[in-house]
Amino acid sequence: MKKSKSFENLNIKTNGSSDEIILNEFIKNINSRIDFLRVSFPIFFETIFTKKFVSEITKKKLNSNLQKTTILNLRDLFEERSIDQESLDDIRVQKFEEKKKGYSALLLNPIYPDRGDKKYEQAEFEYFCRKERQMRKIFDLVGPKQTKVLLNNQLEIQKVLEEEEYRKLASAVHSRKKLIELRKAYLKKLNKTNIHQFLYFDDFYLFVCNYIYAMGFLCSNETFSYHWLGGARNIHTVNQRDFFRRAFLVFSLYEKITTLSAEFGAEIFGHLKSPISPNGASINAYEPDFVDRNLADQIREEELFFDLRYIVDEKGRDSIIKNRFRKFMDGGEDCILVPLKTLRHLYVACGMNNRYGFGRVFNADSSDGVLENLLNRVLFWVEERFAKCMKFF
């Protein structure tokens, strides 16, 4: 492969004025590559590059081992791996994750969890860069409104959240309220301003990730947490695209943003009921926002939900959900959260998905339009609630 002149001859001599000009141009070109990394991949640059290499090539130390190592790694990134070609991101990230099973396809930055003084392979440097740019595109395209507000100070915030002393606080207590108090005290000791950003960044970041999954984004392996029967549970799925899974995600988003916005509002305004969450933290308090007779009638007319009546009666493990769904299907109420919550219940409590068989292959193609309207109606509400929170973030 033909090499760019920006990387030619690391041992340039400076005997004449022409050599001096060439050397200056060489250094200028190399530093432009460093600037490209600084601007394009700020997380990678701050958390790894600046710790492993130099942030600027200088004439005085050009022949130092550290500067030579920096130049060689830049050559690999730009000349061998074409890191400036964004079009290669998806395929290169996919191939790396298929080869390196330790790196998952989740929307979590792969750099932060590795807190040791690790020696990285050159392929990992490329992966970190491309993954960061890929994630940024996904957040921009599919994330809820005002996601940029959340990510605006991500680097500064996550540096603090990854400090060992801060992380150890979570192992000291089991009460979320007590943990918040300990974290507040720690942040005040560091003289941090806008403490609420540090306290709630992870919660809102996870919300954004799950919102993207609910919009239809898939990754190879997903583990989600949910609350059921008074306890915290986990569910694991591998690339399933079905409406049971999406219903689970959408209703979980509704639950999460309702309680999270109330808690965040209390931090900002001093009480659970605030301009962000006017009815507090109760998920039932917002059901009137989802009374929609027109959409409810469309749902009741769908074969999918007609068939589900019998499945809910047979498989359902929650009498309240069963009774409310029966009442909804009989026209006794029009809150569209009822069928959504029922689908979520069948997914997490009964293990159902699109391939569940009950006399025939379960096919919801005819219901796609109605299902999308149902999910999008709730997603629009949770997105607006998230955007309200970001106004005060």
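The values are calculated or read from the model by the stated rules, or taken from the named source; none is laboratory data. A quick note: this is a predicted structure, and the numbers were derived from the prediction, not measured. Ideal geometry is used to build each Cβ from the backbone, glycine not excepted, and the neighbour counts take in all protein chains shown. Side chains are part of the model used for accessible areas, which takes the heavy atoms of the whole protein and leaves out ligands, DNA and RNA. Shrake-Rupley method; radii C 1.70, N 1.55, O 1.52, S 1.80 Å.
Some observations on this one:
- The phi-based Karplus calculation (6.51 cos²θ - 1.76 cosθ + 1.60; θ = phi - 60°) puts the 3J(HN,Hα) values of the stretch 23-37 at 4, 4, 5, 4, 5, 4, 5, 5, 5, 5, 5, 4, 4, 4, 5 Hz, whole numbers, x for Gly and Pro.
- Only alpha carbons enter this Debye calculation for the stretch 25-174, each as an equal point scatterer, and the log10 of I(q)/I(0) it gives at q = 0.14, 0.15 Å⁻¹ is -0.78, -0.88.
- Among ASN65, PHE78, VAL93 - extreme Cα towards positive end, dipole of the stretch 56-114, charges at beta-carbon: ASN65
- Value of D in µm² per second that Stokes-Einstein yields for the stretch 156-203, Kirkwood Rh from Cα pairs, at 4 °C (1.567 mPa s): 120
- Separation of alpha-carbon centers, the stretch 249-311 and the stretch 168-194, rounded to whole Å: 30
- Prolate/oblate/rounded label for the stretch 241-316 (Cα gyration tensor, a/c 1.5): prolate
- For the residues LEU304, LEU88, a 1.4 Å probe over the protein chains yields an accessible-area ranking, largest first, of LEU88, LEU304.
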